[in-house]
1. Tell me, what is the percent relative contact order of the chain, built from C-alpha pairs under 8 Å that lie six or more residues apart?
2. Just want to confirm a number: the relative contact order over the range 64-165, from Cα pairs under 8 angstrom separated by 6+ residues, in percent.
3. Taking the Cβ of SER14 as the center, what net charge do the other residues with Cβ under 10 Å away carry, scoring Lys and Arg +1 and Asp and Glu -1?
4. Normalising by the residue count of the range 1-131, find the relative contact order in percent from Cα pairs under 8 Å and 6+ residues apart.
5. Along the positive direction of the dipole of the range 140-217 (beta-carbon charges: Lys, Arg +1; Asp, Glu -1; about the Cα centre), which of CYS141, HIS217, LEU159 reaches farthest?
6. Summing Lys, Arg as +1 and Asp, Glu as -1, what charge do residues with Cβ under 10 Å from the Cβ of ALA161 carry, ALA161 excluded?
7. Could you tell me which of rounded, prolate or oblate describes the range 126-208, using a ≥ b ≥ c as the square roots of the eigenvalues of the alpha-carbon gyration tensor, with rounded for a/c under 1.5 and, failing that, prolate when a/b is larger than b/c and oblate otherwise?
8. Going down the list LYS60/LYS216; LYS59/LYS183; LYS59/LYS216; LYS216/LYS247; LYS56/LYS216, which pairs span over 32 Å between their C-alpha atoms?
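The values are calculated or read from the model by the stated rules, or taken from the named source; none is laboratory data. This structure is a prediction, so every number in the text was calculated from the model and none was measured. Because the Cβ atoms are built from the backbone with ideal geometry, glycine has one as well, and the counts that use them run over all protein chains shown. Note: accessible area is taken over every heavy atom of the protein model, side chains too, but ligands, DNA and RNA are not part of it. Shrake-Rupley method; radii C 1.70, N 1.55, O 1.52, S 1.80 Å.
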Amino acid sequence: MTNQTLEVLNNRASLRVYDDREISQEILDTILEATMRAPTAGNQMLYSVIVVRDEKTKKKLAQSCDHQAFIATAPVILVFLADHQRWFDYYQNNGVAEYCQREGLLFEGPQESDLLLAIEDAMIAAQNAVIAAESMGIGSCYIGDIIERCEQQREILGLPAYVMPVCMAVYGVPTEFQRERQKPARFDVRDIVFENEYQPRGAAEMRRMLEARQDKHGAELEQWITARCKRKWNCEFSEEMTRSAAKMIEMWREGE
């Protein structure tokens, strides 16, 4: 079974090289309108989006996001923010604190659970934006490194206390080579989807999953696993991301 939507989902791949064409305001507006139609917790829309087209700001983000030069070459960057500041301001500006005091209720700033809920909203909105862009021939690439160096990212973007950068994606028109590039292999559905409850995988099953995905066996697979661990998990950027994520939660908790 297939249709136009499924084709867009199946064909989309991360894009890090762009041709010289700009993204028109009409296309960008269409992407942002699609973003706003994303599902959201309690229809609160606990996210905001910053459109970055300024060259200086793009270069700053390219450096702060693990020194990835290609980020600055993208025509448009969208930064998705977990944003509870808006609702907290609404409450404060409309007498909710006084109401809570009269009723003997606790009035406090957003909590960790509010941060998690806002992150969910922001990520769902980001995926709407990515798929909308893909449907119009605009490629994209998620940049997870926006979670690193949270103090620096917040300074670059001018963020208040209860707003945190949780997702970033760059957008541009793919080159011919990028359009034809083969999409990386994924795990099989049966290896990811469980029925009713989680099903732990044993060593043999995990090896089969990786052999099927990477087309590597024996010592070659062992070398690949070790190299991937060093590159993606036991590495400098991962340590910084851990520090930054903990700091982000601390600042949210303290309302800084």
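1. On the way: 334 pairs, mean separation 69.3, N = 256.
Averaging sequence separation for qualifying contacts and normalising by length gives 27 percent for the chain.
2. After rounding, I find 48 percent.
3. Working: positive: ARG12, ARG16, ARG181, LYS183; negative: none.
Net charge in that neighbourhood comes out at +4.
4. Details: 115 pairs, mean separation 46.7, N = 131.
This gives 36 percent for the range 1-131.
5. Going by the Cα projections, it comes out as HIS217.
6. On the way: positive: ARG154; negative: GLU254, GLU256.
With Lys, Arg at +1 and Asp, Glu at -1, the neighbours total -1.
7. Numbers: a/c = 2.43, a/b = 1.32, b/c = 1.84.
Oblate shape, in that a/c is at least 1.5 and b/c is the bigger or equal ratio.
8. On the way: LYS60/LYS216 39 Å; LYS59/LYS183 28 Å; LYS59/LYS216 38 Å; LYS216/LYS247 39 Å; LYS56/LYS216 43 Å.
Distance filter (> 32 Å) returns LYS60/LYS216; LYS59/LYS216; LYS216/LYS247; LYS56/LYS216.
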